[in-house]
2 protein chains.
Amino acid sequence: MTEKKAFQDYYADEVSYCYGCGRLNDKGLQIKSYWDGEEAVCTYRPLAHHMAIPGFVYGGLIASLIDCHSTGTAAAAAYRAENRGMDTEPAHRFVTASLHVDYLRPTPIEAGLTIRARVEEMSGRKVIVSSRLLADDELCARGEAVLVRMPEKWLVNR
Amino acid sequence: MTEKKAFQDYYADEVSYCYGCGRLNDKGLQIKSYWDGEEAVCTYRPLAHHMAIPGFVYGGLIASLIDCHSTGTAAAAAYRAENRGMDTEPAHRFVTASLHVDYLRPTPIEAGLTIRARVEEMSGRKVIVSSRLLADDELCARGEAVLVRMPEKWLVNR
């Protein structure tokens, strides 16, 4: 057995401080995403203070999970489309151009959350990722994110 | 001079634990919203760990601010439409049915953020609120939230 690395474990250090998905942000959510066939999967257990009203998860956390899981899925899909590993160069990284979340029902805070994402479209510098957020297998939210390649200049002159 | 209370300061205790806007959630963002003419305004200064990549705010925070400022704006607008104060009964509270955010440019993390929201539509149990997020007066994101009246049963049997 080999150790299973998440998409985010391959990010270069300088892009690993994101509050949502950076493994080096010790105050952040540190989400992890993995392939499961054609879907990318992320699981997350909300903390008590992530509530909206007592018993339910606040919408901003759901948006954050979908956002970061979608950028990770876009990156992983870009490597996959080139049939190469996430540990090879050049690196693919994406940022969010738009995010849409439909909150279908209140999300119980004591549930384990699973976000299952799928690439709907890849073209040039743009990727569209759709997501389903489940709480103990019950569908609670749907997301759609439009991701674009991170401009290289964002990582220069900072 | 009288003390100026924010929309969120009028929420009943049992709905004041939201991570984004609850004044009783001591680990949360505790945003505050106020009328400025026809717009509702919220200001927020991101913390260092709210980053996406170094120098810029992560998108989940932006979505969270827009989300909670929109629910507050919907509630305040419902009182205003009835020409009564937020300290009168019955209480109006809204939850988010859908949230859309367009990230127009990277949002500098050292800037003061201002979210300016406007009610676009009010009908029955639904309110649509549009938002602009500015970083030191530069437009960085736009939001649109669809809010619906919080079902009373959510606050019963919990």
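Every number in this text was worked out from the coordinates using simple rules, so none of it is lab data. For clarity, every value in this text was computed on a predicted model and none was experimentally measured. Every residue, glycine as well, gets a Cβ built from its backbone with ideal geometry; the counts of neighbours run over all protein chains shown.
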Hey, could you pull the Cα Rg and Dmax for chain A, both in Å?
-> 15.3, 46
Label distances, nm, A:Gly85 versus same residue in remaining copies, Cβ-directed 7 Å point = 6.7
Cα centroids of segment B:52-97 and segment A:42-100: how far apart, whole angstrom?
-> 24 Å
Phi-derived 3J(HN,Hα) across segment A:95-110 with the Karplus relation (6.51, -1.76, 1.60, θ = phi - 60°), rounded Hz, x for Gly and Pro, is 10, 8, 8, 8, 9, 10, 10, 9, 8, 7, 7, x, 9, x, 6, 8
GNM, chain A, Cα, under 10 Å: largest mean-square fluctuation among A:Glu82, A:Glu38, A:Glu144?
-> A:Glu82
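In peptide B:98-106, what is the residue-averaged number of other protein chain Cβ atoms found within 10 Å of each Cβ? Don't skip to the answer; put the middle values down first.
Values: counts 8, 11, 6, 9, 6, 8, 2, 0, 4.
Taking the mean over all residues of the peptide, I get 6.
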Pick from B:Cys18, B:Cys68, B:Cys42: which residue has the top mean-square fluctuation in a GNM of chain B where Cα pairs under 10 Å get a spring?
-> B:Cys18
Quantify how strongly other chains surround peptide B:90-97 by giving the mean number of their Cβ atoms within 10 Å of each of its Cβ atoms.
-> 3
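Applying 1/(1 + (r/R0)^6) with R0 = 22 Å to the Cβ-Cβ distance of B:Lys5 and B:Glu120, what FRET efficiency is obtained, to the nearest 0.05?
Working: r = 25 Å, r/R0 = 1.14.
So, using R0 = 22 Å, E works out to roughly 0.30.
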Partners for A:Lys153 among lysines (Cα-Cα distance below 23 Å; same-chain residues under 8 apart left out) | A:Lys126
Copy-to-copy label separations for B:Ala48, where each label sits 7 Å from Cα toward Cβ, in nm and ascending = 2.8
Helix B:59-81 versus the longest principal axis of chain B: what is the Cα-based angle in degrees, 0 to 90, to the nearest 10?
-> 30 degrees
What does the charge count near B:Leu24 come to, summing +1 for each Lys or Arg and -1 for each Asp or Glu among other residues with Cβ under 12 Å from its Cβ?
-> -2
Residue with peak Gaussian network fluctuation, chain B [Cα springs, cutoff 10 Å], from B:Pro54, B:Pro106, B:Pro90 | B:Pro90
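Could you give the dipole magnitude of segment B:100-143 about its Cα centre, charging the beta-carbon of Lys and Arg +1 and that of Asp and Glu -1, in debye to the nearest 20?
On the way: 7 positive and 7 negative charges, 64 e Å.
In debye, rounded to 20, segment B:100-143 gives about 300.
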Kindly give the distances from B:Glu14 to its copy-mates, label point to label point, with each label point 7 Å from Cα along Cα→Cβ, as nm values to one decimal ordered shortest first.
-> 5.3
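In terms of the ratio Rg/(2.2 N^0.38 Å) built on C-alpha atoms, what value belongs to segment B:43-112?
On the way: Rg = 15.6 Å, N = 70, 2.2 N^0.38 = 11.1 Å.
Segment B:43-112 yields a ratio of 1.41.
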Which value in deg cm²/dmol, rounded to the nearest 500, describes the helix-derived mean residue ellipticity at 222 nm for chain A, given -39,500 (n - 2.57) per DSSP H run of n ≥ 4 and division by the residue count?
-> -5000 deg cm²/dmol
How large are Rg and Dmax for the protein assembly as shown when only the alpha carbon atoms are used, in Å?
-> 19.4, 70
So how strong a dipole does chain A carry about its Cα centre when Lys and Arg Cβ are +1 and Asp and Glu Cβ are -1, to the nearest 20 debye?
-> 320 debye
